[in-house]
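Here the structure is laid out as structure tokens; the discussion comes afterwards.
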Amino acid sequence: MDSSTKNVVFSINGPVVKVKDTKDFSMLEMVYVGNKRLIGEVIGITSEFTTIQVYETTTGLYVGEPVYTTGAPMCAVLGPGIISNIFDGIERPLRQIAEVSGGAFISEGATVNALDTEKKYDVTVKAEVGQFLSGGEVYAECQETPVIRHYCMVSPLLSGEVVSVSPSGEYSLNDTICTIKNENGEEIPLTLCQKWPIRKSRPVSNRMPITRPLITGQRIIDTILPIAKGGTAAIPGGFGTGKTMTQHQLAKWCDADIIVYIGCGERGNEMTQVLEEFSELIDPKTDRPLTDRTVLIANTSNMPVAAREASIYTGITLAEYYRDMGYHIAIMADSTSRWAEALREISGRLEEMPAEEGFPAYLPSRLSEFYERAGYVETLSHKEGSVTVIGAVSPQGSDFSEPVTQNTKRFVRCFWTLDKSLAYARHYPAINWTTSYSEYTEDLADFYIKNAGHDFMQCRQEISNILTEENKLMEIVKLIGSDVLPDDQKLTIEIARVVRVGFLQQNAYHKDDTFVPLTKQLLMMKAILHLYNESKKCIANGIPVATIVGSGLFEKVIKIKYDIPNDKPELFDNYTKEITDVLKRLNTPNDQGGLQ
């Protein structure tokens, strides 16, 4: 519903527009600004001014142009057609915008539907006349992509008795599937889609305890620093440390049903790489393109700054919608630092009092609003679903004491610190195992024991202890060198190298190393620990550590990740036997004498 044109632009300051002397607007209402009908949102109301944040470039906008009300908040359109699509920060499909704009750049006021309203879906109608439908219940379903079944649910804000039903068949997005009558006697048509305000989380029946890991196939994550389904993680790292690459690897291999990738203020060439990679990649679970279960939100650094601020809310609203169908969703937000910079820029234009480093004082609450929408839940239709949030943070100059990193740390339970020295040494993923942490380890212990092996947690603890011990010893080595260390400590340093290079370092381009199942991860840990324990026996018998290392076993164990295919775990027995035999020969007096 448009207002009269008495509401006009009074002032323009970048994406911030003010309207004077009006009471026609409500807080967080979506509006259209100017003759080009630019999309905006009301973010401040006083007795004198209404302040609007415009999600498109305001170049060419004049003072005195009309501002139109809509009477509705900023909403995402939710329905079939979201999966495999590419949207901007306010859910406008970029492929369609490119056609309308006639090029690679978005023209101002480009009006396109969020979802394709012409496309027909083969719909199976589940509702029956006389049935009472409450919020979250499924009334129809259709095949959205070859791997994702789309369940059309009653909006959580609605409920009523079904008074008419269409037969199963082919329908487009806005066709009426059934009609319900609410308690006021109003008849409400239900179509294949619904709308939901992006800044408001969708309700659930119950938030459940977190007990299942998000399996990623990356050893340092699954074994040392696990993340749970429904959990939150931050990946902080300076320029060139591999944040985007790590998120790509997680998006490709984690066992989530649907991936929502939010390129928030990313460089255009990086987003292009994401789009190309995802379209070419074959999903190992389904042998179909990965895009069949991926949603991409591309808001590059040269797009309007206000839309960048909205993009993470759009992304998590889409994720919650699919979670309500009973799917497990993983969100990759890359990067929340550039989102926070958008907040800072808009805050500055609003002339708000700045806090630390110029960021607004409400930065922590905005970050918590985003991360708190993650969780493992029982939906309104009594299914289980989850939203896992993995946010990249880009601290300037790798300074982890800056506000975005520090405030993010308060709201996540998993912190994967990317190390510049590891990245420059080509050690990927470049996650520093001493400065990173995961608070999910104990919550997930039962799952690992049942599904990976009864001794998984014990082996994990022993591997972690070796890395911690090496960290302490390296402080001594830096001061006085390694020659003064006794042989048992030299062995710890050598076995820690096997852990670092053979276990923590992973090759994304090797078919058996890009994704490693939990069973192989456990067997690799057992092989390393077996080598360590057998070597300790040799040292106790007076055999020098140099002799043990000279046997070639350490290099052989490092190469296990390449030499043993993921589907042939039985080959580990040969390696264990060889370690035992070689070190046993070293332990016999004759061999020992010969070697010395």
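Remarks
- Of the residues making up region 384-435, those that are outside any helix (DSSP H, G or I) and of a type outside the set (G, A, S) number 27.
- Scanning region 114-158 for residues that are free of Cβ contacts under 8 Å to residues at least 40 places away in the same chain and more than 17 Å from M325 (Cα to Cα) yields a count of 6.
- Residue ID - nearest to N432 (Cα to Cα), chosen from residues in region 452-463 that are assigned to a helix (DSSP H, G or I) and open to solvent by less than 20 Å² (accessible area, probe 1.4 Å): I463
- Hits in region 192-231 - residues which are open to solvent by 10 Å² or more (accessible area, probe 1.4 Å) and part of a strand (DSSP E or B): Q194, K195, P197, N206, R207
- Test for T286: is it surrounded by fewer than 22 Cβ atoms within 10 Å (Cβ to Cβ), among the β-branched types (V, I, T), out of contact with any Leu (no Cβ under 7 Å at 6 or more places or on another chain) and farther than 27 Å from N13 by Cα: yes
- Residue check for Y151: open to solvent by less than 40 Å² (accessible area, probe 1.4 Å), of a type outside the set (A, V, I, L, M) and closer than 23 Å to N85 by Cβ: no
- Of all the criteria given as (1) within 24 Å of the chain's Cα centre (by Cα); (2) surrounded by fewer than 16 Cβ atoms within 10 Å (Cβ to Cβ), the one not satisfied by K472 is (1).
- Candidates E345, E341, E384 - the one that is open to solvent by 40 Å² or more (accessible area, probe 1.4 Å), closer than 22 Å to P304 by Cα, touching a residue at least 40 places away in the same chain (Cβ under 8 Å) and under 20 Å from the mean Cα position of the chain (by Cα): E341
- Those residues of region 552-571 which are assigned to a helix (DSSP H, G or I), surrounded by 19 or more Cβ atoms within 10 Å (Cβ to Cβ) and either among the hydroxyl-bearing types (S, T, Y) or without any contact (Cβ under 8 Å) to a residue 60 or more places away in the chain (or both), in sequence order: L553, V557, I560, K561
- Some residue of region 475-482 being farther than 30 Å from W253 by Cα, open to solvent by 40 Å² or more (accessible area, probe 1.4 Å), in contact with a helix residue (DSSP H, G or I) (Cβ under 9 Å, 6 or more places away or on another chain) and in a loop (DSSP other than H, G, I, E, B): yes
- Matching entry among T22, T70, T57, T51 (being within 20 Å of A307 (Cβ to Cβ), in a loop (DSSP other than H, G, I, E, B) and touching a residue at least 24 places away in the same chain (Cβ under 8 Å)): T57
The values are calculated or read from the model by the stated rules, or taken from the named source; none is laboratory data. What you see is a predicted model, and the numbers here were worked out from it, not measured in a lab. Neighbour counts are summed over all protein chains in view; Cβ atoms, including those assigned to glycine, are modelled from backbone coordinates with ideal geometry. We work out accessible area using only protein heavy atoms, side chains counted, and drop any ligands, DNA or RNA first. Shrake-Rupley method; radii C 1.70, N 1.55, O 1.52, S 1.80 Å.
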